[in-house]
Amino acid sequence: MKQVFLTVNKNFALTDNVYKMVLTGDTSGITNCGQFVNIKLDGLFLRRPISVCDCQNNELTLVYKVVGRGTEQMSRIKEGQCLDLLVGLGNGYDCSLSGNNPLLIGGGVGVPPLYMLCKKLIDEGKTPTVILGFNTANEVFYKQEFEKLGAKVIVCTVDGSCGVRGLVTDGMANLEYSYFYTCGPEPMLKAIYRTAKTSGQFSFEERMGCGFGACMGCSCKTITGYKRICKEGPVLCKEEILWEK
């Protein structure tokens, strides 16, 4: 974990409630795809955890959804403002297990952390397929960005207004893949757990207090006991997860 002060270069809407923020400064503390940052916001006691979408050349990209007071405040941040961040949080994805044809599955704001992962896998010579899940066509974002990387992209929408009609598990039907990586809401993760043909890694979205393992507020039950999503996670392997009923 490292505390840094980064400057906001861009902050704009991708959809009605999803925003993209680009910051510059010392990003050396971010060492793996799938990690997250914790942002200090004026007047709010707790920092806000946001997944890393991309990080290169001292430029950090965050894609976030406005769901409450903190993210709404983030959406109003202007270019040139300096932000206090804790970076390099969480374990991130392990690419060494991917095989040659990994499947990446993102739902809603679970999509952003898969972008940097996809870049890394392609750089390693892998051929990933990406499934992006949304409720409706108006919510779709980052489809073209993944396609520009060279990945095959399947979009699923619940109402059928874009791509495959249904859930991400409908998009998984009849696909052959060597391994999978996923991030999204828990009901989606549970459905993928039941559907997936191979082993894989799950990145969990949890409410966090401290964000670095001190408060135990984001624990998840595993076969070896409780693990802190912010510290031992947010990425857990399929075989170690014990779902709470």
For residue 2 and residue 195, what is the calculated FRET efficiency with R₀ set at 35 Å and r taken between the beta-carbons, to the nearest 0.05?
-> 0.40
Any idea which of 82, 13, 68 is furthest toward the positive side of the dipole for segment 2-89, if Lys and Arg beta-carbons carry +1 and Asp and Glu beta-carbons -1?
-> 68
Within the set 2/78; 148/190; 10/190; 2/152; 148/227; 40/119, which residue pairs have Cα atoms separated by over 32 Å?
-> 10/190; 2/152; 148/227
Packing-based order for 169-181, 3-15, 124-136, using average beta carbon neighbours within 10 Å, highest first = 124-136, 169-181, 3-15
By DSSP, what percent of the beta bridges with both residues in the chain are antiparallel, rounded to the nearest 5?
-> 65 percent
About the Cα centre of the chain, what is the dipole size in debye to 20, counting +1 per Lys and Arg Cβ and -1 per Asp and Glu Cβ, all else neutral?
-> 320 debye
Relative to the chain, whose Cα atoms define the longest principal axis, helix 112-123 and its Cα axis are tilted in degrees, nearest 10, by 70 degrees
Specify the inter-centroid distance of segment 132-167 and segment 66-101, based on alpha-carbon positions, in whole Å.
-> 21 Å
For a footprinting-style exposure proxy, rank 74, 21, 1 by other Cβ within 10 Å, fewest first.
-> 1, 74, 21
Hey, rough spin-label estimate for residue 137 and residue 101, points 7 angstrom out along Cα→Cβ, what's it come to in nanometres?
-> 3.0 nm
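Every read-out reported here was derived from the displayed coordinates using simple, explicitly stated rules and does not represent laboratory data. Just so it is clear, the structure is predicted and the values come from calculations on it, not from any experiment. Using ideal geometry, Cβ is built from the backbone for each residue, glycine included, and neighbour counts are taken over all protein chains shown.
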